[in-house]
Amino acid sequence: MKSVRAYIALLLIAAVAVGVVGCSATAKASDLMDGISSNSIKGKPTDDEFTISMADFSIELFKKSITADSNSLISPLSVMLALSMTANGADGKTLSQMEALLGGGIPISELNEYLFYYTHDLPVSSKAKLNIANSIWFRDTKSLNVFPEFLQTNADYYGASAYKSAFNEKTLKDINNWVNTNTDGMIKSILGEIDSSAMLYLINAIAFDAEWKEIYTDRSVRENDFTDISGNKKRVDFMYSTEWYYIDDGMATGFIKPYAGGRYSFAALLPNEGISPDEYIGSLTGARLLDALSNTQSVEVRTSMPKFEFEYDIEMKAALKALGMTEAFIRGVADFSKMGTIDGGLYIYRVIHKTFICVDERGTKAGAATAVEIAPGSEPGPVEHKYKVVNLDRPFVFAIIDNKTNLPIFIGTLMTVG
């Protein structure tokens, strides 16, 4: 066949929203999972090896993905799930590099077990919901042969459904409807068009819906100045509250504010005076973040935080290559032979990541989308009558974390407001 510029795109959509989240959407395509069902999987319980490797991945990716002097936000969980699903189709050095990046050398077969247990252990409550859905879409063509083993693995560990379609305007509508439904409308569409040579899409949708445990009242919102990264002051709405988890890691102070249900929280880290956000982020490691979040002080913390909302997008190819995942991006060298066959082989063409976040009086809503294109070739109270003060009135680092592991589901920087 001719030189084929066939793209296999893996798209992971993650959304944090205040609202009810749909779990599935009807796909108007041939069900490719006919005869393939998920095997019973117990998964591997989260332990220090997984937690540390996930924290390291999260921080190193974050450090490589931020834009200087601008608001930044990524979802490490989104990227981890997207690339792990992709890694199930990799082999040889391509796979070993992906394993080194994603799990610190944990084999993909074991990482699948960890991720299955971790994602299924994330709880859902009436005011703090986390839903995850996966789907795979194949072009209906004889030139691409996708292996049943690849489908089975994704069905077992990621619950992925699969559909074969003509990849026409109808498919475009189906995929975007699926994304829209599974993110409760947070991301109405992920594709503007389907490239004429696109071959495959793997899509993961995450929807997180949470209110604060203690919602801000009208009286706790008032204007104050936020000094942005350039030193400019802007009058914006700030939210004031008293919290009970104080962070001090020597270079930054901050606090943890729980969401309803007790499993998820918002963590804020304000670099000390004289330490720039870039300096502080450069000093972070997975272990340091886990230590800061695990060793909070039980003391009254009088806090203020601006209401904020922003979008962010980045092409992650350079970041992933800088972290050692190089071979997957080289035409004729990358080995995705466990995914399927096509003339010329397969390689990753680009990795696109887009995010959105809104923090207000009631809670948080945020969304993330990751696209990997592959081409051929108990709550403590105050312990003493003292209090700390953390005013987030200048650039800071923030994260939405899973309290059980302290792993960030989202992590970002706020350099400017409005």
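The values are calculated or read from the model by the stated rules, or taken from the named source; none is laboratory data. All values derive from a computational prediction rather than experimental measurement. Cβ: placed from backbone, ideal geometry, glycine included. Neighbour counts: every protein chain shown.
Condition first: in contact with a Cys (Cβ under 7 Å, 6 or more places away or on another chain) and hydrophobic (A, V, I, L, M, F, W, C). Now tell me which residues in the stretch 112-167 satisfy that.
Hit for the stretch 112-167 is Ala133, nothing else.
Could you please tell me which pairs satisfy a Cβ distance under 8 Å, a separation of 6+ or placement on different chains, a first residue in the stretch 76-101 that is assigned to a helix (DSSP H, G or I) and modelled with pLDDT of 95 or more, and a second residue that is among the small types (Gly, Ala, Ser) and buried (at least 24 other Cβ atoms within 10 Å of the Cβ)?
The qualifying pairs are Thr94/Ala328; Thr94/Ala334; Leu95/Ala87; Gln97/Ala328; Met98/Ala87; Met98/Ala90; Met98/Ala328; Glu99/Ala87.
Starting from residues that are hydroxyl-bearing (Ser, Thr, Tyr) and surrounded by fewer than 19 Cβ atoms within 10 Å (Cβ to Cβ), keep the ones in the stretch 269-289 and report whichever is nearest to Ser53 (Cα to Cα).
Selected residue: Thr285.
Restricting to the stretch 203-249, and then to whatever is among the charged types (D, E, K, R) and under 30 Å from Tyr118 (Cβ atoms), can you tell me which residue is nearest to the chain's Cα centre (by Cα)? Show your work before the answer.
Taking the stretch 203-249 as the starting set, the residues that turn out to be among the charged types (D, E, K, R) are 209, 211, 213-214, 218-219, 222-223, 225, 228, 233-235, 237, 243, 248-249.
Narrowing further to those that are under 30 Å from Tyr118 (Cβ atoms): 209, 211, 213-214, 243, 248-249.
Values: Asp209: 14, Glu211: 19, Lys213: 23, Glu214: 25, Glu243: 26, Asp248: 26, Asp249: 25 Å.
Among those that are among the charged types (D, E, K, R) and under 30 Å from Tyr118 (Cβ atoms), it is Asp209.
Listed here are the residues, each with its yes/no results for (1) outside any strand (DSSP E or B); (2) crowded, with 18+ Cβ neighbours inside 10 Å; (3) not assigned by TED's automatic domain parsing to the domain that holds Tyr114.
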{"residue": "Ser143", "(1), (2), (3)": "yes, no, no"}
{"residue": "Asn154", "(1), (2), (3)": "yes, yes, no"}
{"residue": "Ala162", "(1), (2), (3)": "no, yes, no"}
{"residue": "Phe167", "(1), (2), (3)": "yes, yes, no"}
{"residue": "Val179", "(1), (2), (3)": "yes, yes, no"}
{"residue": "Ile194", "(1), (2), (3)": "yes, yes, no"}
{"residue": "Ala198", "(1), (2), (3)": "yes, yes, no"}
{"residue": "Ala205", "(1), (2), (3)": "no, yes, no"}
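Can you confirm whether the stretch 142-153 contains a residue that is farther than 16 Å from Asp195 by Cα and touching a Leu at 6+ places or on another chain (Cβ under 8 Å)?
Yes: one or more hits.
Condition check ((1) in the same structural domain as Gly344 (by TED's automatic domain parsing); (2) more than 30 Å from Gly105 (Cβ to Cβ); (3) surrounded by 20 or more Cβ atoms within 10 Å (Cβ to Cβ); (4) hydrophobic (A, V, I, L, M, F, W, C)) across all residues:
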| position | (1), (2), (3), (4) |
| --- | --- |
| Asn224 | no, yes, no, no |
| Asp248 | no, yes, no, no |
| Ile256 | no, yes, yes, yes |
| Gly262 | no, yes, no, no |
| Ala267 | no, no, yes, yes |
| Asp291 | no, no, no, no |
| Asn295 | no, no, no, no |
| Ile330 | yes, no, no, yes |
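Can you spot a residue in the stretch 303-322 that is within 30 Å of Asn145 (Cβ to Cβ), crowded, with 20+ Cβ neighbours inside 10 Å, at pLDDT 95 or above and assigned by TED's automatic domain parsing to the domain that holds Leu73? Lay out the reasoning, then the answer.
Looking only at the stretch 303-322, we keep the residues that are within 30 Å of Asn145 (Cβ to Cβ), and these are 315-317, 320-321.
Pick out the ones that are also crowded, with 20+ Cβ neighbours inside 10 Å and you get 316, 320.
Add one more test, that the residue is at pLDDT 95 or above, and what stays is none.
Checking the stretch 303-322: not a single residue is within 30 Å of Asn145 (Cβ to Cβ), crowded, with 20+ Cβ neighbours inside 10 Å, at pLDDT 95 or above and assigned by TED's automatic domain parsing to the domain that holds Leu73.
Hey, could you check the stretch 118-135 for residues that are buried (at least 18 other Cβ atoms within 10 Å of the Cβ) and more than 23 Å from Tyr163 (Cβ to Cβ) and say which is nearest to the chain's Cα centre (by Cα)?
Per the criteria, the residue is Leu130.
Might you check whether a residue that is under 24 Å from the mean Cα position of the chain (by Cα) and not basic (Lys, Arg) occurs anywhere in the stretch 139-147?
Checked the stretch 139-147: no residue is under 24 Å from the mean Cα position of the chain (by Cα) and not basic (Lys, Arg).
Just the residues that are closer than 24 Å to Asp225 by Cβ and of a type in the set (A, V, I, L, M), please, taken from the stretch 252-291. Step through it out loud before you land on a result.
Within the stretch 252-291, the subset closer than 24 Å to Asp225 by Cβ is 252-255, 257, 266-281.
Correct list: Ala252, Ala267, Ala268, Leu269, Leu270, Ile275, Ile281.
Sort out which residues of the stretch 340-391 are closer than 30 Å to Ile256 by Cα, of a type in the set (Gly, Ala, Ser) and at pLDDT 80 or above, and write them in order of number.
Once the filter is applied, which keeps residues that are closer than 30 Å to Ile256 by Cα, of a type in the set (Gly, Ala, Ser) and at pLDDT 80 or above, the stretch 340-391 yields only Gly363.
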